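Below you'll find the structure, written out as structure tokens, and then a few comments.
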Amino acid sequence: MATFDQELGHYGWSPDAATATISLEGVVTGWSEGARRLLGYRASEAVGRAAADLLVDREATGFTAVGSQEWTGTAALRHRDGHRVELTLHARPLLDRADATQAFVVTAATGTAGSARDRRMLEWAFAQSSIALSTYNASSDSWRLNSGARADPLGDARSDEGFLRCVRRVAEEAVPMRYEVFTPAPPSSAAARRRSWIVELWPVRDPGSGEVAGVGTAAFDSSEQYAARQRLALLNEAGTRVGTTLNVGRTAQELADLAVPRLADFASVDLLDSVMRGEEPVPGPVDAAVVLRRVAHQSVTEGADVPEAAVELGGIDTYPPFSPPARSLAGGRPVLSGKEDPDFTRWVAAHEARAAVVREHGFHSVMAVPLRARGIILGVAVFVRAKGSPPFQQDDLVLAEELAGRAAVGVDNARRYTRERTNALTLQRSLLPRDLPQQAAVEVAYRYLPAGTGAGVGGDWFDVVPLSGTRVALVVGDVVGHGIHASATMGRLRTAVRTLADVDLPPDELLTHLDDLVTHLTSDDDNIVRDLPYTGGVGATCLYAVYDPVSRICTLASAGHVPPAVLLPDGSVSIVRLTPGPLLGVGGLPFEATELELPEGSLLAFYTDGLIARDRDVGLGLERLCQALAATVPSLEASCDAVLDALLPESPADDVALLLARTRALHADQVAAWALPSDPAIVADARAQASRQLAAWGLQEAAFVTELVVSELVTNAIRYGDVPIGLRLIRDRTLICEVSDASSTAPHLRRARTYDEGGRGLHMVAQLTQGWGTRQTPTGKTIWAEQPLPVG
């Protein structure tokens with residue numbers, strides 16, 4: 001026996017439709033499964049009861065006659081659980097063989113009135129839509145796709161776990177969501193454009209129960225919008241990744257690293273040689289046939305090497321006028337070219353290495369973009385795509401031009417910095433000693449390293465100044481700040497120290513005079529501050545030490561400078577304990593001297609704070625310095641390198657000056673000294689003693705001049721000085737005669753007139769010797785004269 005649904009199917013109605021038959025008396029005689037799902041009544045509960053009982057309002061059925069006996073309209077029916085269901089009802093007569101009405105077949109649909117054709121139109125629209133539409137049936141865990149969805153590349157995405165989680169969430173939470181799906185680029189190229197899809201998801205409810213039966217999806221191709229977002233993101237990233245340092249080569253490499261693989265499979269940056277030297281290129285476009293130097297390149301090939309490069313880093317290449325790079329330089333505009341361009345083919349064929357690379361990697365699309373900043377062409381950037389990647393488009397050319405423009409500003413800033421830094425270093429090195437003077441007191445070696453950062457050159461300096469009596473002055477200092485002003489101030493201070501050292505002042509007195517000078521320099525800067533870009537005043541530190549190889553005494557004084565370290569011959573290392581004075585220019589406080597007696601062969605290390613302030617921990621830096629000195633080798637040059645390697649990073653943040661001095665000593669067989677009474681008769685005896693000492697040294701040829709010098713200096717000491725009086729001869733690289741007395745009054749050279757009885761002695765001494773002078777001592781003064789040793 002056929003079921004009710006089967007009978008309805010015989011008449012063309014779908015068994016899933018909500019359908020019922022009603023007798024002419026208004027009694028329900030048939031009930032479909034669709035009706036049960038819609039209103040919740042089983043057939044046993046609905047058949048046999050009055051149809052009007054199913055209505056919420058018996059009087060407001062809303063039916064209207066269509067033709068003679070066919071009705072359509074809306075009505076509110078009561079669900080089995082009591083809630084109201086708004087339906088569109090359509091009643092058709094059920095006829096017998098005599099065309100008499102036996103009963104009515106009533107079909108129900110939710111919403112407004114619509115025909116079966118309307119529903120079929122919806123089905124056709126879903127199936128034939130160019131938009132990728134699909135539905136997910138939650139109960140059967142199955143998908144239904146229209147033709148657009150079957151053709152799109154989202155088929156694999158529907159098995160993606162992230163997408164499925166989003167679908168399940170929409171079904172469970174009954175809230176619409178949006179999901180973005182990416183189609184990966186071909187594995188052969190990282191520069192190929194990925195496709196992007198925006199998928200809208202919404203819950204699909206059962207009209208009868210209101211429960212979520214599944215999920216509907218609609219996918220829209222958003223590849224263009226995604227590519228635009230990627231281009232914008234790349235430009236934003238360029239602002240933070242390109243031009244991070246004031247280094248021309250590094251800035252060019254940052255551009256190549258940024259472009260690969262997100263824009264190109266291979267990128268290169270070539271610059272004019274003048275840019276690398278920091279010089280100012282000629283404004284405007286560059287000549288077509290131009291020689292460029294390869295500064296940076298990058299490729300998608302993993303590893304340190306770049307096999308796609310036809311020119312090595314640092315290599316030179318000449319681009320012919322018809323090549324894309326030369327055309328972009330000559331026109332000052334980007335050029336888009338490729339294998340369809342005859343000039344591209346001609347350019348590649350003319351270079352054997354480039355032709356081999358193009359064949360091997362399948363280069364087919366190229367962009368040449370000039371690096372232009374402030375109206376000046378600096379070089380060219382070339383972007384290339386290989387096989388497996390789509391050709392460059394106009395949007396890519398606009399992006400490349402923007403990237404190259406930003407990189408060009410960074411390159412030009414680095415070029416300008418290179419020029420200014422080179423000028424500053426040239427000035428600074430011209431103010432530092434080129435070759436240290438010859439002297440016998442110490443063996444010295446030195447190093448000067450400028451700062452490796454953008455802080456600019458500093459005011460670190462050092463000097464070695466020979467003094468009378470075979471003594472030597474060792475100086476190291478540091479001007480506060482960086483730049484040309486610091487270098488110029490350093491030059492003035494070094495000149496002042498050498499001038500004061502010639503006067504033979506003790507270290508503490510010398511720093512006092514130097515402090516007064518810095519105070520005056522600061523006052524001068526304040527007076528002309530409107531004409532100078534620097535308004536920070538002058539501040540500096542200085543350490544001045546004098547070593548006497550005869551007494552082996554080293555006298556030191558510090559103006560706010562870091563203390564030196566000393567390595568004794570027994571291998572012990574220590575930091576010299578000083579009483580540091582204030583910075584130069586502060587004024588108001590005295591400077592104190594410290595004396596050390598050093599064994600012969602002691603190693604003194606003078607330095608600036610840049611050597612020990614690597615981690616801003618001076619104590620740790622001093623400890624590491626002592627460890628490095630303890631491990632030094634006999635060679636002072638090698639010791640300098642070892643200390644710098646142990647304490648400094650590859651690129652120090654501050655200038656560093658290091659001066660190593662190994663002490664020597666003059667032994668008893670090189671020095672002779674006598675105490676003399678204040679008696680004019682002793683002058684002849686003093687000459688005789690000096691002659692005997694010269695004979696003992698084998699310097700008889702110097703006796704005549706030495707006797708004249710001794711006679712004059714001893715006579716002046718007896719006549720104008722105070723006791724005690726002393727005579728000393730020193731034999732080293734020169735022969736030195738010194739006469740000391742207790743008077744602080746220093747003689748001076750003058751021109752004697754015809755009838756003057758005196759005034760000719762010192763003039764004669766100055767003519768016979770290579771130098772003479774006077775220096776103050778704690779007990780008086782010492783007058784000295786220096787003459788060369790006889791030949792041989």
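A short reminder: the numbers here are calculations on the coordinates, not readings from a lab. None of the values given here were measured: they were computed from a predicted structure. Every residue, glycine among them, receives a Cβ derived from its backbone with ideal geometry; neighbour counts consider all protein chains shown.
Points worth noting:
- The chain: angle of helix 484-502 to the longest principal axis, Cα-based, in degrees nearest 10: 20 degrees
- Exposure proxy ranking for 142, 147, 328, 222, based on other Cβ atoms within 10 angstrom of each Cβ and starting from the fewest, stands as 142, 147, 222, 328.
- Pairwise FRET efficiency - residue 355 versus residue 301, Cβ, R0 = 25 Å, nearest 0.05: 0.85
- The GluC sites (Glu not before Pro) found in the stretch 617-672 that occupy coil by DSSP, while having at most 14 further C-beta atoms within 10 Å, are 650.
- Whether the stretch 551-664 is rounded, prolate or oblate, judged on the alpha carbon gyration tensor where a/c under 1.5 counts as rounded: oblate
- Rounded if a/c under 1.5, otherwise prolate or oblate - the stretch 613-657, Cα gyration tensor axes: oblate
- Between the stretch 577-605 and the stretch 615-663, the Cα center-to-center distance that results, in Å: 20 Å
- Rounded to 10°, Cα long-axis angle of helix 352-361 versus longest principal axis of the chain: 40 degrees
- Relative contact order computed over the chain (Cα-Cα under 8 Å; 6+ residues apart), in percent: 7 percent
- On the beta carbon distance between residue 27 and residue 139, with R0 = 35 Å, the FRET formula returns roughly 0.50.
- Charged side chains reduced to their Cβ positions (Lys and Arg at +1, Asp and Glu at -1) give the chain a dipole of some 1340 debye around its Cα centre.
- Toward the positive end of the charge dipole of the chain, with +1 on the Cβ of Lys and Arg and -1 on the Cβ of Asp and Glu, the farthest Cα among 709, 594, 227 is that of 227.
- Less than 5 angstrom separates the built amide H of residue 31 from those of 21, all sequence-distant by 5 or more or on a different chain.
- Computed [θ] at 222 nm, helices only, for the chain once each DSSP H run of length n ≥ 4 contributes -39500 (n - 2.57): -10000 deg cm²/dmol
- Applying the criteria of a DSSP loop state and at most 13 other Cβ atoms within 10 Å to the trypsin sites (Lys or Arg not before Pro) of the stretch 599-629 yields 616.
- Computed from the alpha carbon atoms alone, the convex hull of the chain holds 328 Å³ per residue.
- Put in line by how crowded their Cβ is, counting other Cβ atoms within 10 Å and starting with the fewest, 502, 270 read 502, 270.
- Cα centroid of the stretch 769-789 to Cα centroid of the stretch 209-283, whole Å: 73 Å
- Overall form of the stretch 601-708: prolate. Here a/c, set by the Cα gyration tensor axes a ≥ b ≥ c, is 1.5 or more, and a/b is the larger of a/b and b/c.
- In nm, spacing of pseudo-spin labels at residue 262 and residue 791 (7 Å Cα→C-beta vector): 7.7 nm
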